[in-house]
Amino acid sequence: MDQEHGQAPGNPDQTLAFQHGDAAERGRSVKGHTASRVHRLQVMETEDHTAVLDLHMKNILQFMPLQYEESLLRLLWLLPVGCILLDADFHFKYWNPAAEQIFGYNLTEIIGKHPSELIIPYKKSHQFDQTLQKIRRGDTQARDIESVAKDGSLHTCKWHFTLLRDGSAGQSSLLAIVQDVTGEKNANEKNRRQIERIHALRAIDTAISGSLDFQVTLNIVLQQTLSQLKMDAAVVLVYDPPMGILRFAAGRGLRTEVLQLTSLRIGEGYAGQAAMQKQVIKVPDLQHHQKDFLHSPRFYKEGFKSYYCVPLIAKGEVKGVLESFHRTPFSPDAEWLDFFETIGGQAAIAIDNAMLFNDLQQSNLELTLAYDTTLEGWSKALDLRDKDTEGHTRRVTEMTERLASAINVKQADRIHMRRGAVLHDIGKMGIPDSILLKEGSLSEDEWEIMRQHPTLALDMLSTISYLRPALEIPYCHHEKWNGTGYPRGLRKEQIPLAARIFAVADVFDALTSDRPYRRAWSTQQALEHIRSEAGNHFDPEVVDVFMRVIEKLG
C-alpha cells in the first residue's frame, strides 16, 4: 500500500470485479456499487452517521468475503471515519488515515498489537475485552468507549463492531468503525451546564424579586452557588458602612461555626483585599498561605485547600464579598470564574435590595412615629383646652384597643382604630370655648353646635389621605344602634365596627369621670347603664365582649 502519498492500496483505477455467489451470474460489478456507497457515506459525514455507517458497511461487506481483503482495505481507506481491522485474536491488522488522525499512531506502530496496549486506558481494558468476547459470540455491540491517543489525550469514541467471517477458510476478522465524539460530548455537557446555570440565575432572580426576607434570598444564592460551581462551602460577608467592616451574613457547607465570627476591615484578609481591590482573589493553595487567612486561628479545622473570593458590587459600591472554599486542590477555568462573578453580581443586587428595603422600612417607621406623635400632640392640645377631660383620650384609646383585640380585629385595622380613637374629639377644636368649657347644661342651640363636631372632624381630616382610614371613629362614634344618633342617624351594621366598639369605651369612661355638670358614676353604675343600653345605644355583641374584658381586668 502506497500510504506515504495518500493513495489507497493498489491501483485506484483498477476495476473491482470481485463477485459473491450468484452475483457473478448477474454480472454485477462491485466497482460501481462500492463507489456509489462510498459517495453516500461521505454525504452522511455531517449527520449522526454512526448507525448509518454501520448499516451501509453491512450492505457493502456482503459482497466482500475475506479473500478480497485488498479491496476491503481500499474501501476503508476512503471512509471519512476511523476504520480498524482486527484479526481473530483481536490484534491490529489495519487502520485507515481517519483512525490515525484520531489516535496519532501510524499503521506500522499498531500492526500486531492489541488495542489495550495502545488506545484503551487500563481502567477500561476489562470492559473492552468483554465487548470483544461478545463480538466473538456473534453479538453486535455499539457503545461509547473512552480511548487514549498517542499524546495521552483522552477521547470519547463511539465504536461500532462488525464480525467478518470467511466460511471457506474458517477465519474471521473484526471491523470497528470509530467516531471521535469528544467534541460533541463536551459541547453537550457545556450546553447542559449552561442551561442549568441559566435556571440557577432564574431561581436567584425569583428569590430577589419575590422575597423580602434577606436571609432567605442569601440562602438561595448560596444553594445555587454550591450546586453549580461544585464548591464545598460558601460564605457571604456583608459590608457594614457605618462600622467599616465585613460581617458574616450567611454560609453553607461549613463544619464548624468558626467562620460565623468573621469581622474584617476593608483590606484585611483575603475577603478585605477583594473588597478593597474590587477584583477576584484566587488562592489555589491555602496550605502555604493559611497564615494570611485572618478569619480565625481555628480555620484549619475546616480542612480547606483552595479559596476564591469575589467582591459584591452594586451601583459601583461594595456590598460585601462571596467566598468559595474547596477541601481539595482546585484550579478553576475561565468559565467557572466568569459564572462565579455572575453569581456575585446577583448576590450584590440581593444585598442592595435588602438594604434599600431596610432603609425604607426604617424611614417608614420613623415617619409613622412622627405622624402618631403629631396626632397625640393634637389630642393633648385638646386636653389642655378642656382640662376636665384630660386623660380621657388615652384611656378610651387603650380600652378600644383591648376590645378590638378581643373581637379579633386585624392588626392593620387596629392601627387605624387607634389613630381614630386618639382623634375622636378633634372636631371640638372648632367648637367655641363658650360652649365647650361651659359649666352646667347646654341649651338646645348650644347642643346643635356641639353636635357638629363629628362633621368638623370629617372636614379637618378627610383631606389627609394618611388619616382617611381612621375617620370612622371621629365621624361616627356618636351614632346609635337604634338609629337615633348623629350626625347621619345610622343604625345597626350601617355603623362602622370601629365606631361601635369605640362608643362603648367612650361612654363608659365619660360616666366614670368627673364632669363640670356632674360627679363620676361608680364602675358598677356605669356597667349597669352600658348593659341596659345594649340594643339601643350600643351593639349587643360589643357590649358582651366589653363585659368580659372588664371582668378580666378586675
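The values are calculated or read from the model by the stated rules, or taken from the named source; none is laboratory data. All of these numbers come straight from a predicted model, not from anything done at the bench. Ideal geometry is used to build each Cβ from the backbone, glycine not excepted, and the neighbour counts take in all protein chains shown. Just so you know, the surface numbers come from the protein's heavy atoms only, side chains and all, with ligands and any DNA or RNA stripped out. Shrake-Rupley method; radii C 1.70, N 1.55, O 1.52, S 1.80 Å.
When both the range 354-370 and the range 397-422 are represented by their alpha-carbon centers, they are found 23 Å apart. Between the amide H of ALA233 and those of PHE325, distances stay under 5 Å, these residues lying 5 or more places away or on another chain, with hydrogens modeled in the peptide plane. For the range 178-262, the per residue solvent-accessible surface stands at 53 Å², with DNA, RNA and ligands left out and a 1.4 Å probe. Of the peptides 304-313, 117-126, 425-434, the ranking by mean beta-carbon count within 10 Å, highest at the top, reads 304-313, 425-434, 117-126.
Multiply the residue separation of SER441 and GLU493 by 0.36 nm, subtract the distance between their alpha-carbon atoms, and state the gained length in nm to one decimal.
Details: separation 52, 0.36 × 52 = 18.72 nm, distance 3.18 nm.
Here the answer is 15.5 nm.
The phi-based Karplus calculation (6.51 cos²θ - 1.76 cosθ + 1.60; θ = phi - 60°) puts the 3J(HN,Hα) values of the range 191-203 at 4, 4, 5, 5, 5, 4, 6, 4, 5, 5, 5, 5, 4 Hz, whole numbers, x for Gly and Pro. With all protein chains kept in place, the per residue accessible area of the range 365-453 amounts to 56 square angstrom at a probe of 1.4 angstrom. The peptide list 504-512, 352-360, put in order of mean Cβ contacts within 10 Å with the highest first, becomes 504-512, 352-360. Expressed as a whole percent, the accessible area of the range 201-274 that falls on carbon and sulfur atoms is 48 (1.4 Å probe). Computed from backbone phi, the HN-Hα couplings of the range 154-164 come to 8, 10, 8, 10, 9, 9, 10, 9, 9, 8, 9 Hz, rounded to whole numbers (Karplus: 6.51 cos²θ - 1.76 cosθ + 1.60, θ = phi - 60°; Gly and Pro given as x).
Highest mean packing comes first when the peptides 440-450, 93-103 are listed by Cβ atoms within 10 Å, giving 93-103, 440-450.
Leaving out ligands, DNA and RNA, and with a 1.4 Å probe, what % of the accessible surface on the range 459-554 is carbon or sulfur?
Taking all protein chains in place, the range 459-554 shows 48 percent carbon and sulfur surface.
Ligands, DNA and RNA left out, the 1.4 Å accessible surface of the range 302-411 is 54% carbon and sulfur atoms. For VAL181, the amide hydrogen comes within under 5 Å of the amide hydrogens of THR156, CYS157, LYS158, counting only partners 5 or more places away or on other chains and with H modelled in the peptide plane.
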